[in-house]
Amino acid sequence: MKDGDNVNDGDQNGVNPTPHLDQLEDGPWPSFVTGLKRLRDTQGAQYAPMMNDLLGQLNHSYENRRGYWKGGTLSVLGYGGGIIPRFSEVSEQFPESKEFHTLRVMPPAGNHYTTDLLRQLCDIWERHGSGLIAFHGQSGDIMFQGCTSENAQIAFDELNEIGFDLGGAGPALRTAMSCVGHARCEQSCFDGVKAHRGIINRLLDEMHRPSMPYKFKFKFSGCGNDCVNAIHRADFAVIGTWRDDIKINQEKVKEHIAEKGRKYTIDTVVSMCPTRAISLHDDDTMEIDNKSCVRCMHCINVMTKALSPGDDRGASIMIGGKRSLKVGDLMGTMIKPFIKLETEEDFEALEDFAEEVMEFFADNALEHERIGECIDRIGVPAFLEAMDIPADPNMVNHPRTSSYVRTDDFDEESAKYFERKAEEAGMMVGDD
Amino acid sequence: MNEMKAKPRMPDEVGVPDPAPFMHPLSIKNYGTWDYHDRSRPGVLRHVSKSGDELFTVRAGTQRQMDVYTIRKLCDIGDNYADGYVRFTTRSNIEYMVADETKVEPLIAELNANGFPVGGTGASVSMISHTQGWLHCDIPGTDASGVVKGLMDMLHSEFIKEEMPNRVRITTSCCQINCGGQGDIAVNVQYTKPPKINHDLVANVCERPAVVARCPVAAIRPAMVDGKPSLEIDEKKCVCCGACYPPCPPMQINGDDSTKIAIWVGGKHSNARSKPTFHKLVVANLPNNAPHWPEVNAVVLKIVKAYKKDAKHWERMGEWIERIGWNRFFEMTELAFTKHHIDTWTGARKTMNQSAHVHF
């Protein structure tokens, strides 16, 4: 990745020395420093002076082990969020990178690009920004890093003209993420692109004009492998799953065992099933107790040809994931064990539910409180009641262990449960 | 120009772009009808559709913070050696999709020739998901890009091979907010001293009630200092989390020597086998030793080596430790277990051993 000698080094006035950063150019991994220097050394480029001072400031940070950026307020016409303003605290020393703002831009769902599209993005950022782009930030945005206050609007306009929109920042709906999904994965249990675009584009106003108690994130993973880390990181996680049986191709099971060995298959598949739902017959065929299976994906991950998710596919919805601030880490917890996601109506119902949850959040969360904290404060049952969702054993690891609860309407609640069960049974009969 | 100013352009609120125009034609054709996948070598995936179509993916590591020249180089490679369709993974690896298997080897050769390592699939150490750091963040304690460069240089051979027991997902974060996320190994800033307050600035810069409310241990209270309205900290209560610093920059949490690095293990996003888990503290107080962070690298290497040697196939880091026990883990990695490893936060008791199960 090293581009040979840097033409500007030493022999031209005004190039900031970067002795600390220079040490990050060797080694086999691609070097971000070499990239920054390439921008600095592009003769005549509008961003070269900015990148020279940016490198100077970064080296200054390495030297003093301090950051030197402060925030501020900046947006484009019509929007209240989506730009991360950065003003240098050491602009007297490094004036050209005095303003170094980031545009958060939503990528195509699933992060698909053509090389032509990437080149268009580069061209725009070369004209109006620093030439530095991150694919992607931790929220899932394309991070166009480094432009002046004046150029933020110009760069946005050009990005917007080719079909891109700003992402979220501040107390607002944030940019979402979805896995590769149906485009290239046999484990994908619902159309993540459709769910992702349906929800975000319907609620877009909440992204562009921040007015929520705090941030709100959606993430979409096609199966329990959760490649976009939705359960940990999303307020609203949609995780693909299925209700019927895992599909087994017994011939492929035998081939797998012939290739990998019986002991290895027992050790890595049968013994690792979290609910002991798998057994291997003496003739090397496999049996799965699907009533015990929790759709964890492990056996399907190992035996990609022999096993696959069932046909009755959809998703689980888990709500409330977030990191430490301020009550401690929370994972999303199961709120809807299964929703079907096949028809237009199914997706519309998901969007409706997403909107209801956002409304609940807007109405009930305290300032700077995430929905997970809000639900903890009022208790999951109160949230379920507000959302009109019946309690389900899949929502808990086990029923409560504390007796401190008022149960005088227990019989009414039980009656509702049995009524619901009867309805479900009736529907199942009706379906047949 | 004047006309433009007279008629300002309002945004076209297009939202999330439709990816279909940018997907490989085989992705469009076989959307939702893939059958299975396998890997002929590290860094290469073969997905086979129910129609019989095959789509090959070649995955390569990038530095995430990319200059336009690097991106265009990746595009040139995509045009000359692949089909012009790419995507980025959650961990900033680039993926090239090709329909023709004969393109795979030349594509790998060209990526390697240009310094992009091919790998990151299956039981490898994939690219580290990380944060912005000194390059762009307003509250960073370190520079994630630099930490990551050192770690990935060191772990390069584990990126291009699949010789770990299961996948290893590392994250780094430049403050305790932990934007880098959960990981099998997490390298995160850990502050060790209460913030130093610049009382001249607090009244003008900070919304004091909001800052008081932000503190998770109620250690901040309004105070008059030298006749100016400011804030003061009960340093005995303070847990040095840095939560007050973003809403109130005059409460500087970072210090040359007091900003340290902690390493955590056993975070897991996937639901495969065990339920998702959070990472757990292994060692704190490592120096923030830019530009190479050798003390951090040494600990990470010890952990990676112990896991590689001892874990069973398909056991993730946390599952391996669950089996062997924490005392064995600390022995194998030659790290200390201290009172600081015992949780004191909300729900701490649920993290204790509430049984007579003991490892010897």
| query | When you go through (1) more than 8 Å from chain B (Cβ to nearest Cβ); (2) open to solvent by 20 Å² or more (accessible area, probe 1.4 Å); (3) at pLDDT below 95 one by one for residue A:95, which number turns out not to apply? | reply | (3)
| message | For a quick check of your reading of the model, give me the residue pairs whose first member lies in the stretch A:294-313 and is at positive phi, whose second is acidic (Asp, Glu), with beta-carbon atoms closer than 6 Å and at least 6 apart or on different chains. | response | none
| note | Note on the stretch B:274-283: residues over 18 Å from the mean Cα position of the chain (by Cα) and either within 20 Å of residue A:323 (Cβ to Cβ) or buried (at least 23 other Cβ atoms within 10 Å of the Cβ) (or both) are B:275
| Can you pull out the residues in the stretch A:221-248 that are of a type in the set (D, E, K, R) and either at pLDDT below 95 or more than 21 Å from residue B:121 (Cβ to Cβ) (or both)? | A:233, A:235, A:243, A:244, A:245, A:247
| field | Of all residues in the stretch B:45-75 being over 29 Å from residue B:171 (Cβ atoms) and not hydrophobic (A, V, I, L, M, F, W, C), the one that is surrounded by the most Cβ atoms within 10 Å (Cβ to Cβ) | value | B:49
| message | So if I check each of A:129, A:82, A:72, which one is in contact with a strand residue (DSSP E or B) (Cβ under 9 Å, 6 or more places away or on another chain), modelled with pLDDT under 95 and more than 7 Å from chain B (Cβ to nearest Cβ)? | response | A:72
| query | If you check every pair at least six apart or on different chains, which have Cβ atoms under 7 Å apart with a residue in the stretch A:50-71 that is of a type in the set (D, E, K, R) first and a residue that is in a helix (DSSP H, G or I) second? | reply | A:53/A:95; A:53/A:96; A:53/A:97; A:63/A:20
| query | Going by the structure shown, is residue B:286 within 14 Å of chain A (Cβ to nearest Cβ) and either among the aromatic types (Phe, Trp, Tyr) or not in a loop (DSSP other than H, G, I, E, B) (or both)? | reply | yes
| remark: When the stretch A:207-233 is checked residue by residue, the ones that are within 13 Å of residue A:185 (Cβ to Cβ) and more than 7 Å from chain B (Cβ to nearest Cβ) are A:220, A:221, A:222, A:223
| said: Let me confirm something: among B:297, B:271, B:288, which residue is surrounded by 15 or more Cβ atoms within 10 Å (Cβ to Cβ), of a type in the set (S, T, N, Q) and under 30 Å from residue A:261 (Cβ atoms)? | reply: B:271
| message | For residue A:295, only one of the following conditions fails: (1) within 9 Å of another protein chain (Cβ to nearest Cβ); (2) under 18 Å from the mean Cα position of the chain (by Cα). What is its number? | response | (2)
| query | Can you name the condition, by its number, that residue B:56 falls short on among (1) closer than 13 Å to residue A:118 by Cα; (2) more than 7 Å from chain A (Cβ to nearest Cβ); (3) in contact with a His (Cβ under 9 Å, 6 or more places away or on another chain)? | reply | (1)
| query | Restricting attention to the stretch B:180-205, and to residues there that are buried (at least 21 other Cβ atoms within 10 Å of the Cβ) and in contact with a Pro (Cβ under 9 Å, 6 or more places away or on another chain), which single residue is farthest from residue B:297 (Cα to Cα)? | reply | B:202
| Between residues in the stretch B:156-169 that are closer than 16 Å to residue B:320 by Cα and residues that are open to solvent by 30 Å² or more (accessible area, probe 1.4 Å) and assigned to a loop (DSSP other than H, G, I, E, B), which pairs lie under 8 Å by C-beta distance while being six or more apart or on different chains? | B:165/B:312; B:165/B:313; B:165/B:314; B:166/B:313; B:166/B:314
| said: Please go through the stretch A:367-389 and give me each residue that is exposed (fewer than 12 other Cβ atoms within 10 Å of the Cβ) and touching a residue at least 24 places away in the same chain (Cβ under 8 Å), ordered by number. | reply: A:367
| Index of the failed condition, residue B:4 passing every other in (1) under 21 Å from residue A:162 (Cβ atoms); (2) at pLDDT 95 or above | (2)
| task | Might you check whether a residue that is at the interface with chain A (Cβ under 8 Å from one of its Cβ atoms), polar (S, T, N, Q) and part of a loop (DSSP other than H, G, I, E, B) occurs anywhere in the stretch B:189-209? | result | no
| query | Looking at A:265, A:285, which one is in contact with a helix residue (DSSP H, G or I) (Cβ under 6 Å, 6 or more places away or on another chain), of a type in the set (Val, Ile, Thr) and away from chain B (no Cβ under 12 Å)? | reply | A:285
| field | Positions within the stretch A:92-145 being over 23 Å from residue B:175 (Cβ atoms) and among the polar types (S, T, N, Q), in sequence order | value | A:93, A:111, A:114, A:115, A:120, A:130
| field | Some residue of the stretch B:28-35 being more than 8 Å from chain A (Cβ to nearest Cβ), crowded, with 20+ Cβ neighbours inside 10 Å and not in a helix (DSSP H, G or I) | value | yes
| Looking at the stretch B:102-112, is at least one residue within 11 Å of another protein chain (Cβ to nearest Cβ) and touching a residue at least 12 places away in the same chain (Cβ under 8 Å)? | yes
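The values are calculated or read from the model by the stated rules, or taken from the named source; none is laboratory data. Here the structure is a predicted model, which means the values were calculated and not measured. Virtual Cβ from ideal backbone geometry, glycine too; neighbours counted across all protein chains shown. The area values use the complete protein model at the heavy-atom level, side chains included, leaving out ligands, DNA and RNA. Shrake-Rupley method; radii C 1.70, N 1.55, O 1.52, S 1.80 Å.
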